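Just so you know, all these numbers are worked out from the coordinates, no wet-lab data involved. Please read all numbers here as calculations on a predicted model, not as lab measurements. Neighbour counts run over all protein chains shown; Cβ positions are idealised from the backbone, glycine included.
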Amino acid sequence: MPSTNGKICYIEIPAIDINASSTFYKEVFGWQTRRRGDGQIAFDDSVGEVSGTWVAGRKAATTPGLLIYIMVDSVAKTVEAVIANGGQIVQPIGMDAPEITASLVIRQEM
């Protein structure tokens, strides 16, 4: 069995509205949500490798610091899903050539 030393396993995402944020990530990225024993909503990513939760009362960063990239099957389809679910694209596809990426922000209400 390979070592898991250093693997990212848990993320806390600041959110104003935890229900809206959890719905956004579920609809756009296919994350599974669940209630923890303490009643808080938690998530598992679509491949079951990373879990985490949304945290109210923690200020979201207003300038780039730590960036987390989420792999998707189609960047173009994901951009459409982000917009359809209230997100905003701040860097269009193709700005990180030769990688195919797009950057997004989630509306402040989330």
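First measure r as the distance between the Cβ atoms of E99 and N19, then evaluate 1/(1 + (r/R0)^6) with R0 = 25 Å and state the FRET efficiency to the nearest 0.05. Each step should come with its number before you reach the end.
On the way: r = 33 Å, r/R0 = 1.31.
After rounding, the FRET efficiency stands at 0.15.
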query = If each of I8 and S51 carries a label point 7 Å out from its Cα toward its Cβ, how far apart are those two points in nm?
reply = 1.8 nm
key: Distance in nm between pseudo-label sites at Y69 and D44 (7 Å out along the Cβ direction from Cα)   = 2.6 nm
query = Between (1) 18.2; (2) 16.9; (3) 15.1, which matches Kirkwood radius over Cα pairs in Å calculated for the structure shown?
reply = (3)
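How high is the relative contact order of the chain, in percent, counting Cα pairs under 8 Å that sit 6 or more residues apart? Intermediate results must be reported in sequence, preceding the final value.
Numbers: 150 pairs, mean separation 28.5, N = 110.
Reported relative contact order: 26 percent.
Which order do the peptides 75-82, 36-43 take when ranked by the mean count of other beta-carbon atoms within 10 Å per residue, highest first? Don't jump to the answer; show the numbers that get you there.
Values: 75-82: 15.6, 36-43: 12.1.
Top of the packing list down: 75-82, 36-43.
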ask   = Which aspartates and glutamates, on any chain, are close to K59 with Cα under 17 Å apart, when same-chain ones fewer than 8 places away are left out?
value = E12, D17, E109
